[in-house]
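The values are calculated or read from the model by the stated rules, or taken from the named source; none is laboratory data. Predicted model only: the values in this text are computed from it and were never measured. Cβ atoms come from the backbone with ideal geometry, glycine included; neighbour counts cover every protein chain shown. Areas reflect the complete protein model, heavy atoms only, side chains present, ligands, DNA and RNA absent. Shrake-Rupley method; radii C 1.70, N 1.55, O 1.52, S 1.80 Å.
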Amino acid sequence: MLPSRLDFQLQARASGSRARAATFRTLHGVIQTPLFMPVGTQATVKAQTPESLAASGSQILLANTYHLLLRPGSEVFEKMGGIHRFMKWPGSVLTDSGGYQIFSLPHSRSMTEKGAVFQSYVDNRRILLSPELSIHTQRSIGSDIIMVLDQCIPSTADEKTARKALQVTQRWAARSLAAREDSPQSLFAIVQGALYPHLRKESAAGLVTMPFDGFAIGGLAVGEEKHQREDVCELTAALLPEDRPRYLMGVGMPIDLLEAVHRGMDMFDCIIPTQVAKRGTAFTSRGIVELRRSVYKFADAPLDAACTCPVCATHSRAYLHHLTKTQETLGWTLIGQHNIHFYHQLMREIRTSILEDRFLPLYHEKRAILAEEDLDHPVKPPKRGQSATVSEIGCYELHGSSIRHLETGAVVPTTIREDIPELVKLLKAKDETPIIVLDEGLGAGAAALSAILVYEGLAQKQAVRPMHIVSVADDLDALRLALNHKKIFSWLRHGAADTILHRGAWKSRFCPGLSWSLAKDEELPKPDLVLRTFQGTHEHEAPVIDMLAP
């Protein structure tokens, strides 16, 4: 294999593990692995400054080619001298190719051998995102590491679909390599193949014959179980060259990073540290802390006594609790800053343990704590057979058989609609394109559960189109309160509600085409139907169903 532009140097391997420590050199400096890359979708990490990111130890930021292509556009980066000068970031930048974002828009894109045709959410232009355009855009952005355009599919896809996507990705990888030409940027290929070991082997075997500077594992964290992701990660990492960086895309929680390092991976990215910070969730040495909980109202103690970040050195849990409850942006900023520091500190500890050949003891120590919830103030669910006694959470209270907002007196919709004609019509249409249902407000989950129950009832009788529900919510307290009273709100005994609260996403085991997620911190998909649970003013081209009506 030809020399890498990155001058990758493997420094140590852990005994009894595939964990490894290395360095490589980008256009902006030397990088130490393993490492986590904060996600800066729009050339900014949500609620963070370049200064705070640098202080936390960020080595590489990840930016999004799809979004930056649409706004501000390649010509802006060319005029401004690249993304580093544009956002005043002195460190390295990796840009993804846009493949995952295209995958996330199944209702408004079409795939061909040439590329992916989609409609811009900025000005409604139809754009063909080809491997050549993706690489051209990344060259204009000026990132240190660029990615080939791949065809991402659900990890649970059938073998025929997975093989087809793999073959397209293989051909696009060769076109991406040619499109880079003489650019000094490093180019990574992406191994696909869903959950099929033989397809992962086929994908890796084809890509490693080409002179890529690094290799990524794609198509995971998009529907599979945790153990499946870990198995595929371990298998695929073993197929990749020892002298190139290995990048697991879109993963994940701290425990996921630990497990992936154990299986031989070097680089990671995910929106989780800043995404959950917005809801008041913090990762600490004493487990995952939910700062919205009232137990922290008078807590005059640092968020994490073992943490050295500026947030823990300066602010109390009580203040962070207050900022979270009042939805102040500063709360998102501070908790996000801590979470990013926590991720980087974890990577530093892992790296040191590998270099000192004591990774396995650290692995077992961290594994026992990283996935735990708050150890100092554990949540105590009601005993089996006993009714929940919680009558107030956040700004919501139980009022008879309804839920009411304490400040405004507004009643949260808790009526299930057993028939939604507009949705039934869409489901019965002879079209394989997934339906996108936008749930504005979420509330106690009645609108989304209504759509789910309608779907499940119809799916038992006839073939229906796939459907994905996206819920937009300022907070989840109304749903938390309702879930404490399933005897009153019996429809919440459906497992989807608990899953969406704790994981942010749900996929039906019995209806493969049915899924539900909370909105991410980016542009919402164009809906086919809107379920409104508050007095909204947003205008939509799609039909709007008023769920406030009894």
Check your understanding: Mind checking which pairs have a first residue in region 157-180 that is farther than 22 Å from PHE212 by Cα and a second that is open to solvent by less than 70 Å² (accessible area, probe 1.4 Å) and of a type in the set (Ser, Thr, Tyr), Cβ under 8 Å, 6 or more apart or different chains?
Key -> GLU159/TYR196; ALA162/TYR196
Check your understanding: Could you list, in sequence order, the residues of region 228-245 that are farther than 13 Å from ASP266 by Cβ, out of contact with any helix residue (DSSP H, G or I) (no Cβ under 7 Å at 6 or more places or on another chain) and buried (at least 23 other Cβ atoms within 10 Å of the Cβ)?
Key -> ARG229
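To keep it simple, each residue is scored yes or no on (1) in contact with a Ser or Thr (Cβ under 7 Å, 6 or more places away or on another chain); (2) closer than 14 Å to HIS341 by Cα; (3) modelled with pLDDT under 95; (4) among the aliphatic types (A, V, I, L, M).
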{"residue": "THR41", "(1), (2), (3), (4)": "no, no, yes, no"}
{"residue": "SER58", "(1), (2), (3), (4)": "no, yes, no, no"}
{"residue": "LEU62", "(1), (2), (3), (4)": "no, no, no, yes"}
{"residue": "HIS67", "(1), (2), (3), (4)": "yes, no, yes, no"}
{"residue": "MET80", "(1), (2), (3), (4)": "no, no, no, yes"}
Practice item. Select the strands (runs of 3 or more DSSP E) contained entirely in region 19-92, then report the ones holding at least 1 residues which are touching a helix residue (DSSP H, G or I) at 6+ places or on another chain (Cβ under 9 Å) and open to solvent by 50 Å² or more (accessible area, probe 1.4 Å). Key: 29-33
Exercise for review: State whether the residues of region 221-239 include one that is touching a Lys or Arg at 6+ places or on another chain (Cβ under 9 Å), part of a helix (DSSP H, G or I) and small (Gly, Ala, Ser).
Suggested key: yes
Point to revise | Cβ pairs under 8 Å, 6+ apart, first in region 445-460 and in a helix (DSSP H, G or I) and among the acidic types (Asp, Glu), second open to solvent by less than 30 Å² (accessible area, probe 1.4 Å) and modelled with pLDDT of 90 or more | key: GLU456/LEU514
Study note, to complete from the structure: Looking across region 270-297 at residues that are charged (D, E, K, R) and in a loop (DSSP other than H, G, I, E, B), the single one that is farthest from GLU392 (Cα to Cα) is ARG286
**Study point:** Residues of region 261-278 satisfying the condition of being in contact with a strand residue (DSSP E or B) (Cβ under 8 Å, 6 or more places away or on another chain) and open to solvent by 30 Å² or more (accessible area, probe 1.4 Å)
**Key:** ILE271
Check your understanding: Name the residues in region 93-105 that are in a helix (DSSP H, G or I) and either free of Cβ contacts under 8 Å to residues at least 60 places away in the same chain or open to solvent by 30 Å² or more (accessible area, probe 1.4 Å) (or both), would you?
Key -> TYR100, GLN101, ILE102, PHE103
**Study point:** Residue, farthest from the chain's Cα centre (by Cα), within region 360-371, restricted to residues that are part of a loop (DSSP other than H, G, I, E, B) and surrounded by 13 or more Cβ atoms within 10 Å (Cβ to Cβ)
**Key:** ILE369
Practice item. Could you grab me the full set of residues in region 398-455 that are open to solvent by less than 10 Å² (accessible area, probe 1.4 Å), within 23 Å of CYS511 (Cβ to Cβ) and over 30 Å from the mean Cα position of the chain (by Cα)? Key: ILE420
Point to revise | Lone unmet requirement of (1) open to solvent by less than 10 Å² (accessible area, probe 1.4 Å); (2) farther than 20 Å from LEU375 by Cβ; (3) not in a strand (DSSP E or B) for LEU258 | key: (2)
Exercise for review: Go through ASP304, ASP300, ASP357 for me and flag whichever is in contact with a Cys (Cβ under 6 Å, 6 or more places away or on another chain), part of a loop (DSSP other than H, G, I, E, B) and at pLDDT 95 or above.
Suggested key: ASP304
Review point. Any idea which residue in region 296-321 is farthest from ILE335 (Cα to Cα), counting only those that are exposed (fewer than 15 other Cβ atoms within 10 Å of the Cβ) and touching a residue at least 24 places away in the same chain (Cβ under 8 Å)?
Key: LYS297
Revision key, fill the gap. Residue set GLU225, GLU202; condition at negative phi, open to solvent by 10 Å² or more (accessible area, probe 1.4 Å), under 21 Å from the mean Cα position of the chain (by Cα) and acidic (Asp, Glu); output residue GLU225
Study note, to complete from the structure: Here the qualifying pairs (Cβ atoms under 6 Å; residues six or more apart or on different chains; first in region 484-499 and farther than 18 Å from SER401 by Cα; second surrounded by fewer than 17 Cβ atoms within 10 Å (Cβ to Cβ)) come out as none
**Study point:** Tally, over region 111-146, of residues that are open to solvent by less than 60 Å² (accessible area, probe 1.4 Å), at pLDDT 95 or above and under 13 Å from LEU68 (Cβ atoms)
**Key:** 9
Point to revise | Unique match (being in contact (Cβ under 8 Å) with a residue 12 or more places away in the chain, closer than 17 Å to ALA116 by Cβ, β-branched (Val, Ile, Thr) and in contact with a Phe, Trp or Tyr (Cβ under 8 Å, 6 or more places away or on another chain)) among VAL191, VAL222, VAL208 | key: VAL222
**Study point:** Failed criterion for ALA178 (all others in (1) among the hydrophobic types (A, V, I, L, M, F, W, C); (2) surrounded by fewer than 20 Cβ atoms within 10 Å (Cβ to Cβ); (3) farther than 27 Å from ILE31 by Cα hold)
**Key:** (3)
Check your understanding: of a type outside the set (Lys, Arg), at pLDDT 90 or above and either surrounded by fewer than 20 Cβ atoms within 10 Å (Cβ to Cβ) or touching a helix residue (DSSP H, G or I) at 6+ places or on another chain (Cβ under 6 Å) (or both): does that describe SER517?
Key -> yes
